[in-house]
Each structure stands twice: as structure tokens, then as C-alpha cells.
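The values are calculated or read from the model by the stated rules, or taken from the named source; none is laboratory data. Please read these numbers as outputs of a predicted model, since none were measured by experiment. No Cβ is skipped: glycine too gets one built from the backbone with ideal geometry, and neighbour counts run over all protein chains shown.
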Amino acid sequence: MKKGMTVTYEVDTGLYINLTNRCTNRCEFCIRNNDDGAYGSDTLWLEREPTAEQVIESVFSRDLSRYSEIVFCGYGEPTCRLDVLLEVARAVKERDKNIKIRLNTNGHSNLINGAPTEHLFAGLVDVMSISLNTPNAERYVDMCHPVYKEKAFSALLDFTRNVKNYVQKTTLSVVRQYLTEQELAECERIAAELGVTLKVRDYISA
Ligand code: SF4
């Protein structure tokens, strides 16, 4: 496995930020299973986690007018480094509050950080994209192997229900190839009940 210090990288029109390789899941479909590379970068495995200053420097070394959004994503779960995430987002918004910021998350933030965290994203994150993955806790444990076991699923639902009050847009996402039609319909029902959009995405193999 090749390691490097790819702190920011481009995907389509977005600028992506790689804060950590840690995650509280081990999903069957995770791009980390590809060993070295994804999204055209072969060094998303970090030699060490970047400091907030290093991330801010990397972000501001780019021409931000070229990007439609800034995305906290990974090779890992960004809320494992919530303080750094918030500090970087704050710096970006102070520079230009119109720059759109998205967080791709597994929704475990409250478990990871041991307290409610939804309110902390207000004014800093515009779009919250939470991986739902499955329609129930049992399937979630089977597919995502969370360290928090069954309670991870209810925690991500609670996080979704609460965080939508603090950000402009909240979506739940699933990977089409890992669900039956019936499971997909159940996920749609969950999203509708929570009052958020369901995004059905395709598996990324590299
Ligand atoms: S939550 Fe995301 S980073 Fe973590 S194992 Fe699943 S796909 Fe990978």
C-alpha cells in the first residue's frame, strides 16, 4: 500500500479534503478496499493526519473559483476529526461565505464524539450527505461492520433527523448494487419519513 500526503484532490468540479483514514465502519463497498487508489489519486492513504493549518494551506493554495463545492470526504470518516473539520470549514467561510461546503459522512458523529454534534455544523456545512446504505440495523451490521454494532444505524437516523435543522440540504445515500428492489423501496420510505432526499448511487470500483 502506497502512502502519501494527498490532503486535497479534485473530483469532477469539486475540491475534496482528505482529513483521516480512520473510520468507524468497514463497508463491503468501501473504495479503501481498492488498496492504493481512487478518484485518480494513488496516495489517499495518509502518512499522517494533516493538521488544520496544513489543510487550510492546501485548500487556499488552490484557485477556489474553479470549484463548485468543497467536500470533506476521505478515505475515512471526516467526523473522526470534527475539530479540524470545523476549523477548516470556518476558515473557508470566513474567506468567502458563498463557497459551498459538503460533508460526506457515515452519520456516526455523535457516537464518535460522545455528544450531540448536529448544531456545530450550522453556518459551516451547507450540504450533509449521510450514507444510509441499508434499510435496517441488521443489514447495516452485515454490510458496514460498524464498531458500534446495532446502535450505529439508529444513531445515523437520529443524526439525520436532527442535522437537517442546521444545514441547507440533507441527503441519505445508498449504493444501488448492494440492495434489492424491496430494500431500495424501504430506504426511500425512511428518507421520506425523515424529510430528506434519497440519493441512489452506483458502486465506484476505482
Ligand atoms: S463509512 Fe465510508 S470510509 Fe467508512 S468504511 Fe464505509 S465507505 Fe469506507
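Would you mind telling me which numbered condition in (1) within 16 Å of the ligand (Cβ to nearest atom); (2) under 22 Å from SER65 (Cβ atoms); (3) assigned to a helix (DSSP H, G or I) LYS93 fails?
Going through (1) within 16 Å of the ligand (Cβ to nearest atom); (2) under 22 Å from SER65 (Cβ atoms); (3) assigned to a helix (DSSP H, G or I) one by one, LYS93 breaks only (1).
Output the residues belonging to region 170-195 that are under 16 Å from the mean Cα position of the chain (by Cα) and either loosely packed, with under 13 Cβ neighbours inside 10 Å or of a type in the set (A, V, I, L, M) (or both). Working first, answer last.
Going residue by residue through region 170-195, those that are under 16 Å from the mean Cα position of the chain (by Cα) are 170-175.
LEU172, VAL174, VAL175 - these are the residues of region 170-195 that are under 16 Å from the mean Cα position of the chain (by Cα) and either loosely packed, with under 13 Cβ neighbours inside 10 Å or of a type in the set (A, V, I, L, M) (or both).
Rundown of residues vs (1) more than 16 Å from the ligand (Cβ to nearest atom); (2) assigned to a helix (DSSP H, G or I); (3) not acidic (Asp, Glu), yes/no style:
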| residue | (1), (2), (3) |
| --- | --- |
| GLY76 | no, no, yes |
| ILE99 | yes, no, yes |
| LEU111 | no, yes, yes |
| ALA115 | yes, no, yes |
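Pairs under 7 Å by beta carbon, first residue under 15 Å from ALA52 (Cα atoms) in region 69-84, partner near the ligand (Cβ under 9 Å from one of its atoms) and β-branched (Val, Ile, Thr), six or more apart or different chains?
Correct list of pairs: PRO78/THR105; THR79/THR105.
Only one of GLU87, GLU77, GLU69 is surrounded by fewer than 19 Cβ atoms within 10 Å (Cβ to Cβ) and either at pLDDT below 95 or within 15 Å of the chain's Cα centre (by Cα) (or both); which?
GLU69
Just for region 41-66: of the residues that are of a type in the set (Val, Ile, Thr) and over 17 Å from the mean Cα position of the chain (by Cα), which one is farthest from LYS169 (Cα to Cα)? Steps first, please.
Just the residues of region 41-66 that are of a type in the set (Val, Ile, Thr), to begin with: 43, 51, 55-56, 59.
Going one step further and asking which of them are over 17 Å from the mean Cα position of the chain (by Cα), we end up with 43, 51, 56, 59.
Numbers: THR43: 31, THR51: 28, ILE56: 24, VAL59: 23 Å.
So, considering only residues that are of a type in the set (Val, Ile, Thr) and over 17 Å from the mean Cα position of the chain (by Cα), the one farthest from LYS169 (Cα to Cα) is THR43.
Show the residue pairs that are 6+ apart or on different chains and have beta-carbon atoms under 9 Å apart, the first residue being within region 121-133 and over 15 Å from THR79 (Cα atoms), the second being aromatic (Phe, Trp, Tyr) and at pLDDT below 95.
As it stands, the answer is ASN133/PHE29; ASN133/TYR178, since those pairs meet every condition given.
Name the one entry in ALA152, ALA115 that is free of Cβ contacts under 8 Å to residues at least 24 places away in the same chain and of a type in the set (A, V, I, L, M, F, W, C). First the steps, then the outcome.
Numbers: ALA152 fails: free of Cβ contacts under 8 Å to residues at least 24 places away in the same chain.
On inspection, the qualifying residue turns out to be ALA115.
Six or more apart or on different chains, Cβ atoms under 8 Å: show the pairs whose first residue is in region 88-107 and more than 29 Å from VAL147 (Cβ to Cβ) and whose second is of a type in the set (S, T, N, Q).
Here the result reads LYS100/SER68, each pair linking region 88-107 to a residue that is of a type in the set (S, T, N, Q).
What about VAL167, is it within 21 Å of SER109 (Cα to Cα), under 17 Å from the mean Cα position of the chain (by Cα), among the β-branched types (Val, Ile, Thr) and in a loop (DSSP other than H, G, I, E, B)?
It is true that VAL167 is within 21 Å of SER109 (Cα to Cα), under 17 Å from the mean Cα position of the chain (by Cα), among the β-branched types (Val, Ile, Thr) and in a loop (DSSP other than H, G, I, E, B).
Restricting attention to region 117-129, report how many residues are among the aromatic types (Phe, Trp, Tyr) and within 16 Å of the ligand (Cβ to nearest atom). Lay out the reasoning, then the answer.
Step one: of region 117-129, the residues among the aromatic types (Phe, Trp, Tyr) are 121.
The next check asks that each one be within 16 Å of the ligand (Cβ to nearest atom); those that pass are none.
Here the count works out to 0.
Looking only at region 24-64, count every residue that is modelled with pLDDT of 95 or more and outside any loop (DSSP other than H, G, I, E, B) and tell me the total.
Count: 10.
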